[in-house]
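The values are calculated or read from the model by the stated rules, or taken from the named source; none is laboratory data. Since the model is a prediction, treat every value here as computed from it, not as a measurement. Every residue, glycine as well, gets a Cβ built from its backbone with ideal geometry; the counts of neighbours run over all protein chains shown. Just so you know, the surface numbers come from the protein's heavy atoms only, side chains and all, with ligands and any DNA or RNA stripped out. Shrake-Rupley method; radii C 1.70, N 1.55, O 1.52, S 1.80 Å.
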Amino acid sequence: MPALVNCGGDRNIRPGGPLYSNLMESSSLFLSLTPNVDVYCPPRKRSRITAPFILTAPSEPKLALKKPCSIDVLPDECLFEIFRRLPADKDRSASACVSKRWLFLLSSIRACEIAGEACNKVSPAQQDVSLLNSVKKPLPDLNGEATLDEEQEIKGGHLSRCLEGKEATDVRLASMAVGLVGRGGLGKLSIRGSNTARGVTDVGLAAIAHGCPTLTALSMWDVPFVTDEGLSEIADGCPMLEKLDLCQCPLISDKGLIAVAQKCHNLKSLSIQSCSKVGNEGLQAIGRGCSQLLSVSINGCRLVGDQGIAGLVSSASTTLSKIKLHNLTISDVALAVIGHYGKAVTDLVISGLMNVSERGFWVMGNARGMQNLKHLTIISCRGVTDLGLEAIAKGSPSLKQLCLRKCCTLSDNGLNAFSGAAGSLESLQLEECSRVTLFGVLGVLLNCTSKLKTLTLSKCFGIRDINAFPTQLPCCMSLRSLTIRDCPGFSSSSLAVVGRICPKLQQVDLSGLVAATDAGLLPLIESSESRLVKVNLSGCVNLTDAVVSPLVRAHGETLQLLHLDGCKKVTDASLLAIAENCSVLTDLDMSSCSITDYGVAALASARQFNLQVLSFSGCLKVTRGSLPFLGNMGRSLLGLNLQLCNLIGSQGIASLEEKLWWCDILS
């Protein structure tokens with residue numbers, strides 16, 4: 001109480017004074033005194049407020065910012081489960097257009113992982129059946145009109161796609177894998193080259209493997225980023241694969257081929273070119289695992305040796321029918337195995353085998369295993385000699401076609417011995433065999449008088465005119481096609497004899513015989529008992545109208561092809577004869593001939609013409625005056641070559657293109 005009585009003024013009781021603080025500290029005492037004590041509190045001045053007076057609404061509690069909801073926040077595992085439960089293929093295709101992430105997620109879904117499909121561990125045969133069933137669609141309503149989608153689905157597994165250059169990327173492959181599922185699936189895929197910045201990798205092949213189980217043919221050329229992992233994905237996902245073509249794939253090795261051999265038991269055709277890591281183990285595995293293998297082509301693989309070829313041929317001896325070996329380091333052993341185990345081989349191509357000697361070809365023939373061989377091609381092999389070629393003829397009684405190129409050791413003796421032993425020979429082609437002469441060719445015609453149908457001699461510089469022909473000239477009544485191309489030593493005197501030897505010719509190709517003249521070709525035309533159908537005289541610069549006119553008059557009713565490219569002495573007179581006599585001619589080449597607008601007009605006036613291909617390239621005397629006549633050639637004309645016809649001009653070509661809109665014009 002003394003403190004309250006002896007107060008010293010209002011400053012003691014105001015806030016901050018000693019009495020005010022004591023009262024506040026002893027609140028219980030202050031509250032007990034308030035009913036009985038009156039306290040004087042003078043008014044306090046309010047502080048001046050200089051700021052404007054603003055009324056504000058009562059503040060509300062701040063709400064937390066909501067982040068927009070998006071399906072992209074889901075992890076890949078959840079999206080995968082959502083995508084594989086989409087009801088229709090169209091829904092999955094539409095979802096793949098949202099982003100690359102969705103595209104690659106959808107492409108990672110295997111056909112058997114789609115909801116409602118079963119994917120169990122079964123045998124390879126049962127797996128093939130399950131894959132076929134997985135791509136089956138409900139049968140269309142035969143009472144209604146078939147839609148485009150139904151027509152494409154009925155063709156299941158036969159769609160073909162080809163990616164070249166910049167188009168070959170993983171994104172394109174993934175889009176293809178997702179988009180083609182509803183259209184029957186992908187049957188054939190070809191990749192030519194690769195995008196240098198983002199080329200095809202294992203990711204793209206994995207997408208194809210997951211989404212295209214019906215793939216039957218895969219071809220990859222110049223794809224440097226694909227490894228064994230990508231090829232293994234194809235093997236796992238595409239067990240129906242029948243054809244595999246690999247060219248310049250440096251990262252693919254035996255491991256990838258082994259995976260194919262273990263999973264793709266239906267493989268029928270294998271082609272490997274310039275794959276530096278492919279060796280013997282991969283080929284041996286293919287031979288053991290692919291029981292239906294029909295065709296094999298190996299080119300430029302430096303690791304492939306005798307063991308790989310021997311293992312492949314011996315394991316697939318009952319089915320393998322076509323073998324092509326190019327530029328390999330194999331020796332005589334490989335050819336010996338082919339000769340012994342090649343029981344089913346019908347086509348054999350051997351090229352650039354520098355380590356194979358005469359012994360290899362001799363053993364291959366004497367093994368007598370290639371009884372069904374029908375077509376044989378040998379290119380640039382030094383081991384091909386007279387002895388080896390004769391052995392091949394004796395060991396291959398069914399041989400019908402033989403092609404020899406750049407075989408510099410073969411002579412007339414070997415050719416005669418071969419033709420005498422090859423009783424079924426129907427076609428013989430010799431190219432750049434410099435030791436073969438005209439005597440060897442006559443021996444072939446004498447030995448094969450009953451079955452030989454085609455004879456081709458190209459760039460054989462040993463074939464020259466002979467002073468005296470044998471008294472007994474062969475008469476090959478079966479020969480229908482004769483080609484003597486770029487043999488400068490073969491001149492008119494030899495041509496005159498050809499007509500007597502081959503009276504039944506229907507196709508004659510003498511292109512590049514610069515020494516041929518009218519006097520040599522006329523006996524051939526006159527002695528022909530059968531009507532000629534195709535005649536190629538391109539490059540015979542000495543021929544004139546004196547031989548072309550008799551040719552078309554004698555054989556115009558059957559002549560379908562006539563090439564006179566480079567015959568500069570042929571003029572409008574020949575075109576007049578052609579227009580009058582050739583009623584079934586479809587292909588005419590008069591390039592670089594001395595013809596004018598008059599000859600073109602005469603040719604266009606022939607109403608019975610059915611020309612499809614016509615060439616006046618390099619005819620410098622043909623001008624704009626021939627355009628009205630060319631425009632009346634008829635709807636049958638599909639190709640017209642007017643290159644180097646400078647007097648026609650670009651405007652004339654443009655007007656002709658408008659008139660002959662259906663024709664392909666080269667200018």
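Selection over the range 227-240 of residues that are in contact with a Leu (Cβ under 6 Å, 6 or more places away or on another chain) and either charged (D, E, K, R) or assigned to a loop (DSSP other than H, G, I, E, B) (or both) gives a count of 3. Among the residues of the range 316-329, is there at least one that is of a type in the set (S, T, N, Q), more than 21 Å from the chain's Cα centre (by Cα) and on the phi > 0 side of the Ramachandran plot? Taking every residue of the range 316-329 in turn, at least one turns out to be of a type in the set (S, T, N, Q), more than 21 Å from the chain's Cα centre (by Cα) and on the phi > 0 side of the Ramachandran plot.
Out of the residues in the range 468-508 that are within 43 Å of the chain's Cα centre (by Cα) and polar (S, T, N, Q), state the one that is modelled with the lowest pLDDT. Ranking the qualifying residues of the range 468-508, first place goes to SER491.
Only one of SER636, SER626 is touching a residue at least 12 places away in the same chain (Cβ under 8 Å) and crowded, with 20+ Cβ neighbours inside 10 Å; which? Break it down stepwise before answering.
Values: SER636 fails: crowded, with 20+ Cβ neighbours inside 10 Å.
When all the criteria are applied, what remains is SER626.
For the range 374-395, a tally of residues being of a type in the set (Ser, Thr, Tyr) and in contact with a Lys or Arg (Cβ under 7 Å, 6 or more places away or on another chain) returns 1. Within the range 446-465, the residues that satisfy the criterion of being open to solvent by less than 30 Å² (accessible area, probe 1.4 Å) and in contact with a helix residue (DSSP H, G or I) (Cβ under 6 Å, 6 or more places away or on another chain) are CYS448, ILE463.
Could we say that GLY352 is farther than 18 Å from LEU404 by Cβ and without any contact (Cβ under 8 Å) to a residue 40 or more places away in the chain here? So GLY352 fails the test.
Of all residues in the range 421-439, which are open to solvent by less than 60 Å² (accessible area, probe 1.4 Å) and out of contact with any strand residue (DSSP E or B) (no Cβ under 9 Å at 6 or more places or on another chain)? Answer for the range 421-439, where residues must be open to solvent by less than 60 Å² (accessible area, probe 1.4 Å) and out of contact with any strand residue (DSSP E or B) (no Cβ under 9 Å at 6 or more places or on another chain): ALA421, GLY423, SER424, THR437, LEU438. Please work out which residue is nearest to the chain's Cα centre (by Cα), limiting yourself to the range 211-228 and to residues that are open to solvent by 30 Å² or more (accessible area, probe 1.4 Å) and farther than 16 Å from CYS162 by Cβ. Going through the qualifying residues, I end up with PRO224. Confirm whether LEU103 is touching a helix residue (DSSP H, G or I) at 6+ places or on another chain (Cβ under 9 Å), modelled with pLDDT of 75 or more and either part of a loop (DSSP other than H, G, I, E, B) or more than 24 Å from VAL203 (Cβ to Cβ) (or both). So LEU103 does not fit the description; no.
Among residues of the range 75-92 that are assigned to a helix (DSSP H, G or I) and surrounded by 11 or more Cβ atoms within 10 Å (Cβ to Cβ), those with a beta-carbon under 7 Å from a residue that is modelled with pLDDT of 75 or more and of a type in the set (Ser, Thr, Tyr) at least six positions away or on a different chain give the pairs PHE83/SER95.
Evaluate the range 205-212: report whether one residue or more is among the β-branched types (Val, Ile, Thr), in contact (Cβ under 8 Å) with a residue 40 or more places away in the chain, out of contact with any strand residue (DSSP E or B) (no Cβ under 6 Å at 6 or more places or on another chain) and in a helix (DSSP H, G or I).
No: the range 205-212 contains no residue that is among the β-branched types (Val, Ile, Thr), in contact (Cβ under 8 Å) with a residue 40 or more places away in the chain, out of contact with any strand residue (DSSP E or B) (no Cβ under 6 Å at 6 or more places or on another chain) and in a helix (DSSP H, G or I).
Quick one: in the range 395-409, which of the residues that are crowded, with 23+ Cβ neighbours inside 10 Å and part of a loop (DSSP other than H, G, I, E, B) is modelled with the lowest pLDDT? Spell out how you get there, then give the answer.
Keep residues of the range 395-409 that are crowded, with 23+ Cβ neighbours inside 10 Å, which gives 396, 399, 402, 404, 407.
In the following step, the residues that additionally are part of a loop (DSSP other than H, G, I, E, B) were identified as 396, 399, 407.
Details: SER396: 94, LEU399: 95, CYS407: 91.
Once the filter is applied, the top-ranked residue is CYS407.
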